[in-house]
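The values are calculated or read from the model by the stated rules, or taken from the named source; none is laboratory data. None of the values given here were measured: they were computed from a predicted structure. Note that we place each Cβ from the backbone using ideal geometry, even for glycine, and neighbour counts take in every protein chain shown. Areas reflect the complete protein model, heavy atoms only, side chains present, ligands, DNA and RNA absent. Shrake-Rupley method; radii C 1.70, N 1.55, O 1.52, S 1.80 Å.
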Amino acid sequence: MKKKMTILALATCAALAASGCGSSAGEDEDTQTAQAAEAETEADAEATALTYDGVRSEDIEIDLSEQVTSLCDYTGIDLEITGDYEVSDEYMEQCVLQLISYYGDGTAEVTDRDVVEDGDYVLIDYTGYMDGEAFDGGAAEDVMMDVTNNLDVTNNASYIDGFCDDLVGSAVGDVIDTDVTFPEDYAATDFAGQPATFEITVKGIYRQITFDEVTDDIVSDAFGSSLGFETRDDLVANVAVILQSQAESQKAEDTLEAAQEYVRENSEVEIPQDYLQARKAEYEYYTAVDYCEDGQTLEEYFEELGTSVDEFWEQYESSLVDQIKTEFLFERIAELEGMEIDEDGFETYAEQLMSSISSGFDTEEELYEYYGAGDAAAGESAIRKLYLANEAMSYVTENANVIVAEEENA
């Protein structure tokens, strides 16, 4: 579904695709992904039937010299950020092993014992039963389970609580029964809250290989045909580049947030009430476009979530106010610094918004119409202002004294 990006997301412009390191999937992830894709298609179709009949914020004249009543000194400011922006060898090695486990075989068989211990990986077959009958989708063969974390090692998917509880202490060749209860919020509603028994066959005990055990053959088998990595050095070098890029991106994002907070807290800005109401109305329009289906009203949508439009704004209006203040302040900085739109730069900016993970626009016209609540001219005008605000943010962060504080140990 299309999501209207906040000023924070717009400021970073180029979103870097993250690798899968450290992620964990929920039960029935493929089903949920398919359902989300279907819902997105349906929502986008419904969006064409929605119209906006309120006052647009772009139609309200704003004089930033009047609204920004006090602007802080924004050049050479001290910005303190907290984080670890260095990629350690340990973290890089961990990610390499996770990638190998996901795309290939990152395990070695344990041959000096046949009893499962805490911390082992166990190769199993299983069949699920409800009321004594095997159920569809409840059986699998050659599944490698991390018994301590109740996790399918191959796809990093969590299993139902208790699934692995009886594996510790079992032996290779054993067939055991494990009783579980599906969660009340399980994606497949027929199973939600229902008890089940899984018959599990223990086929072998394994462990994760160490980083030193990664060979060229293991890398080639896992990535040669898909990503072209044929050697250990190829994989390590590429993982290192991705992780360093992610660390730099996170540092830039944290610096940006610190700059926004500094300028907001040390400046004074007034938001006209009619402008705030227009922005709220536009946000409600975007929400309806993204989520309301089959003629559903926004009030009905929020009711399904157990809340109301008024209760939503009680919680989130302050966030919108901060966002508008941030826009006004940095647009004012752009004015004072005489910044102008570089058309090539703006074209790139619009293309980046269109291709971002959370948008899904095929043309600039669609992008403009969405951000303009159905009016392309208003949307283009709004995005041009945001482009200049982002240029001003870059100016402030580039001229700031960034201090990196050490993270406190939890």
Mind checking which residues of region 78-106 are touching a strand residue (DSSP E or B) at 6+ places or on another chain (Cβ under 7 Å) and either open to solvent by 40 Å² or more (accessible area, probe 1.4 Å) or hydrophobic (A, V, I, L, M, F, W, C) (or both)? D78, L79, E80, I81, T82, L97
Check whether at least one residue in region 108-120 is under 22 Å from T215 (Cβ atoms), without any contact (Cβ under 8 Å) to a residue 60 or more places away in the chain and not acidic (D, E), and report yes or no. yes
I need a count of the residues in region 61-79 that are over 22 Å from A405 (Cβ atoms) and not in a loop (DSSP other than H, G, I, E, B). 7
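This table checks each residue for (1) out of contact with any Leu (no Cβ under 6 Å at 6 or more places or on another chain); (2) assigned to a helix (DSSP H, G or I); (3) at pLDDT 95 or above; (4) open to solvent by less than 50 Å² (accessible area, probe 1.4 Å).
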residue: D217; (1), (2), (3), (4): yes, yes, no, no
residue: S220; (1), (2), (3), (4): yes, yes, no, yes
residue: L227; (1), (2), (3), (4): yes, no, no, no
residue: E230; (1), (2), (3), (4): yes, no, no, no
residue: D234; (1), (2), (3), (4): yes, yes, no, no
residue: E257; (1), (2), (3), (4): yes, yes, yes, no
residue: E261; (1), (2), (3), (4): yes, yes, yes, no
residue: R264; (1), (2), (3), (4): yes, yes, yes, no
residue: I271; (1), (2), (3), (4): yes, no, yes, yes
Looking at A252, is it free of Cβ contacts under 8 Å to residues at least 40 places away in the same chain, open to solvent by 40 Å² or more (accessible area, probe 1.4 Å) and farther than 30 Å from L167 by Cβ? no
Looking at region 156-170, is at least one residue more than 17 Å from T127 (Cβ to Cβ), out of contact with any Ser or Thr (no Cβ under 9 Å at 6 or more places or on another chain) and surrounded by 13 or more Cβ atoms within 10 Å (Cβ to Cβ)? no
Any residue that is of a type in the set (F, W, Y) and within 26 Å of S267 (Cα to Cα) - is there at least one of those in region 77-93? no
Only unsatisfied item for T215, checking (1) under 30 Å from the mean Cα position of the chain (by Cα); (2) within 15 Å of L99 (Cβ to Cβ), is (1)
If we keep only residues of region 286-335 that are under 25 Å from I60 (Cα atoms) and open to solvent by 70 Å² or more (accessible area, probe 1.4 Å), then the residue nearest to the chain's Cα centre (by Cα) is Y316
Is it the case that E364 is more than 19 Å from I60 (Cβ to Cβ), open to solvent by 60 Å² or more (accessible area, probe 1.4 Å) and of a type in the set (D, E)? no
Confirm whether V202 is open to solvent by less than 20 Å² (accessible area, probe 1.4 Å), more than 30 Å from D114 (Cα to Cα) and not in a loop (DSSP other than H, G, I, E, B). no
Being among the charged types (D, E, K, R), crowded, with 19+ Cβ neighbours inside 10 Å and closer than 30 Å to K251 by Cβ narrows E380, E391, E398, E406 down to just E391
